[in-house]
Structure formats: C-alpha cells, structure tokens
Amino acid sequence: MFNTPLPLLLVWGRDMTILFNDAYGALAGPAYGRVPGGNVPPVMPPPLAVGGAELERAWDGEATCAADRDLAFAGSVGGGRYDLHFTPVRADDGKVAGVLCALAPAPAPAETGLDEAGGPMRILVVEDNVDSQYLVCEMLRAFGHEADGVGHPHDALARLAAGRYDVLFTDVSLPGMSGVELARQAVAHAPDMRVIFASGYGDTLLRHVEFPYLSLQKPYELDQLQQALDKVAHPLPART
C-alpha cells in the first residue's frame, strides 16, 4: 500500500481506523501530515464521504466503484474528479475487517483539455517557497488554467503519477532533487508534458537539458508568464 503511486486509503474496523499512503497525503494536503504517522483530520475523508453508499456495500462484501466523484480537500489545492474503487478486505475468518479505497482520476470529457487553439491547461507548480507557490497558482487560475501546487519534488512525482498534467512549472533549485531532474523524470513518464523552468540563475543550469522546455528568469513579469503559457499551449520544437 505504501509503495504505490496510486492514492490509497485503508479503513480498518467499524471504528474507522484509517491508514493512507504518500500519494494520498500529497493529494489531501499538509493537514494530513506525512506517512507513516500522519494524522487524519477529525472529519470524514472526502473519498469516504462522497462514496458513502459504495463504502457500505463494500462492508457487506461487495467490490464497488463510485464513478466520477468530485473531491475537495480542506486547506489543499488538491482535488478534482476521481473514480473511487472500494474493495473489501477479509480477516482469517472470512469476515470483512476493512475496506481499501483506491483513487483513480476520472477520464476527462473528450471536449476538455488542451486543444489546437491552446485552451485551458492543467498545470503542476513545484515551488518550495509557499508564498511564491500560492501566488503563481493564483495567477495561473486567473489566466483560466487549473493549477495545483506542491513544495517538494517527491510530492510532485506522486501528483504526476496520480493524474494527468499538461504542464510542469518548476523552480530549478528544489530540496532533495533539482527541478531539472524532476522534469526529466516527468517527461520520461509523460513524453507530451510541457516544461517551464523558473530560475534565479538564468539558463546556466539548463545548458545540457535534452528535452524541450521554456525558462523564465526570476523575478518575471505577469506578461512574461502569459507569453510562456501561450507558447507551451502548442508543441515545442526539439532543442539541438
């Protein structure tokens, strides 16, 4: 459970002891802490609240799915529409002792997403400065895009594994892993991913990047951000 990129919740016993993995913690936000040892807020976790009927059927021994449910997490920029898969977990005596809930992003409608004219994009912002992260996400939303923000590359990888993003907008200097290495792993997983780097060092650290990208020099102006978004709304030419 803890070693999978898919967000998972395990409800154990009718007293609702709940375990969750890193991918779920990244989705739910900092209020859930980190695993192992993170604390669940004293409210019903959103997947269990919106999938209450399916959860009860799982307690009765039936594997169920609550399709295309809208999830919102208090104090988090995470959320979205998910298919919730509930699987009964049985004890040695054959009785249902717990329920495993797996979250999978719901398929997007055919008409949504990035189109030829450069429509709304889903953007993951990776910035360890919380104030800067919040500001960038708000600007992106003001431009009409969907934006999620995280502060650590490992949280970014969990988000990328759990759902589809059109653009990775990342600082170059990050704790534990450079933004370049993060983008390299993201592009390897999703070759169509567009990448925008934000850096206070110019392009010095980007000289040997082998995949298409755009870069913004910190501090950048609002119109520079808009221009970068307009450019990545269309396929980027390969760098030579």
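The values are calculated or read from the model by the stated rules, or taken from the named source; none is laboratory data. Note that the structure is a prediction, hence the values are computed from the model and not measured. Glycine also receives a Cβ, built like all others from the backbone with ideal geometry; neighbour counts cover every protein chain displayed. All accessible areas refer to the heavy atoms of the entire protein, side chains included, with ligands and DNA or RNA removed. Shrake-Rupley method; radii C 1.70, N 1.55, O 1.52, S 1.80 Å.
Those residues that are buried (at least 20 other Cβ atoms within 10 Å of the Cβ) and among the hydrophobic types (A, V, I, L, M, F, W, C), I need them from the stretch 175-190; list them, please. Spell out the reasoning first.
Here is the first cut: in the stretch 175-190, the residues buried (at least 20 other Cβ atoms within 10 Å of the Cβ) are 179-180, 182-183, 186.
Selection gives Val180, Leu182, Ala183, Ala186.
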Some residue of the stretch 135-146 being at pLDDT 90 or above and within 19 Å of Pro46 (Cβ to Cβ): yes
Long-range neighbours under 7 Å by Cβ, at least six apart or interchain, first residue touching a residue at least 12 places away in the same chain (Cβ under 8 Å) within the stretch 211-227, second of a type in the set (A, V, I, L, M) and open to solvent by 60 Å² or more (accessible area, probe 1.4 Å): Pro212/Ala238
Identity of the residue in the stretch 155-187, over 20 Å from Ala72 (Cβ atoms) and among the charged types (D, E, K, R), that ends up nearest to the chain's Cα centre (by Cα): Asp166
Residue list for the stretch 160-192, restricted to those being under 20 Å from Pro7 (Cβ atoms) and either touching a helix residue (DSSP H, G or I) at 6+ places or on another chain (Cβ under 6 Å) or hydroxyl-bearing (Ser, Thr, Tyr) (or both): Leu160, Ala162, Tyr165, Leu168, Leu182, Ala186
Residues of the stretch 191-208 satisfying the condition of being surrounded by 13 or more Cβ atoms within 10 Å (Cβ to Cβ) and at pLDDT 80 or above: Met193, Arg194, Val195, Ile196, Phe197, Ala198, Ser199
Any chance Val125 is modelled with pLDDT of 85 or more, in contact with a Cys (Cβ under 8 Å, 6 or more places away or on another chain), open to solvent by less than 10 Å² (accessible area, probe 1.4 Å) and under 30 Å from Ala49 (Cα atoms): yes
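Which of the following residues is assigned to a helix (DSSP H, G or I) and of a type outside the set (Lys, Arg): Ala198, Ala147, Ala186?
Values: Ala198 fails: assigned to a helix (DSSP H, G or I); Ala147 fails: assigned to a helix (DSSP H, G or I).
Answer to the check: Ala186.
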Test set (1) at pLDDT below 90; (2) surrounded by fewer than 18 Cβ atoms within 10 Å (Cβ to Cβ); (3) under 16 Å from the mean Cα position of the chain (by Cα); (4) not charged (D, E, K, R) - His152 fails condition number: (1)
Residue check for Leu27: of a type in the set (A, V, I, L, M), under 20 Å from Leu160 (Cβ atoms), open to solvent by 20 Å² or more (accessible area, probe 1.4 Å) and at pLDDT below 85: no
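Evaluate the following for Val130: is it open to solvent by less than 20 Å² (accessible area, probe 1.4 Å) and at pLDDT 85 or above?
Details: open to solvent by less than 20 Å² (accessible area, probe 1.4 Å): no; at pLDDT 85 or above: yes.
Answer is no for this residue.
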